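Since the structure comes first, as structure tokens, the remarks are kept for the end.
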Amino acid sequence: RQMVEMMETVVSARGTAPAAAVPGYRVAGKTGTVKKLGPTGYQNDSYLSVFAGLGPVSEPRFATVVVIDEPRGKAYYGGDVAAPAFSTIMSGAFRLFSVTPDQSGAATIRIAAN
């Protein structure tokens, strides 16, 4: 449960993937950005952008992994490239399977600070 709560902060406004948020639902996830391996080692300009997540957090029904192979454009981080696709996919899944929105929408997440 603690891990899911930490993953929920990833999709918060202060996290690395706010674009993964699904309006009305609490979702959680993890970003990833992978340098691809070429014939001489890791390539400096070839990436996999990843976002893996689940939802709704209150009663998980779906888990989804989005992998974008060699994203084009300036952005290549998972939170920038794969997270928006996760949001769209989960939004559609919640609608198609009639998943009731969370009562309070997105949760307020407490982040400890020193």
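Bear in mind these aren't lab numbers, they're just calculated from the coordinates by the rules spelled out. Please read all numbers here as calculations on a predicted model, not as lab measurements. For neighbour counting, all protein chains shown are included, and Cβ atoms are generated from backbone atoms with ideal geometry for every residue, glycine included.
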| What's the angle, to the nearest 10 degrees (0 to 90), between helix 78-96's Cα axis and the longest principal axis of the chain? | 40 degrees
| query | Which value at 222 nm does the chain reach when only helices count, each DSSP H run of 4 or more adding -39,500 (n - 2.57), with the total divided by all residues and rounded to the nearest 500 deg cm²/dmol? | reply | -8000 deg cm²/dmol
| task | Provide, for q = 0.20 Å⁻¹, the log10 of I(q)/I(0) from a solvent-free Debye sum over equal Cα point scatterers in the range 36-82. | result | -0.69
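Using just the alpha carbons, could you tell me how many Å³ per residue the convex hull of the chain encloses? Each step should come with its number before you reach the end.
Working: hull volume 14.6 nm³, N = 114.
Cα-based convex hull of the chain, divided per residue, equals 128 Å³.
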| Qualifying trypsin sites (Lys or Arg not before Pro) in the range 18-70, DSSP loop, other Cβ atoms within 10 Å at most 13 | Arg61
| message | How charged is the neighbourhood of Gly79? Take every other residue with its Cβ under 13 Å from the Cβ of Gly79, and add Lys/Arg as +1 and Asp/Glu as -1. | response | +1
| task | Give the long-range amide H neighbours of Ser58: residues separated by 5 or more places, or on another chain, with amide H under 5 Å away, using H modelled in the peptide plane at 1.01 Å from N. | result | Arg26
| request: Could you grab the relative contact order for the range 2-96? Cα pairs under 8 Å, six or more apart, rounded to a whole percent. | output: 27 percent
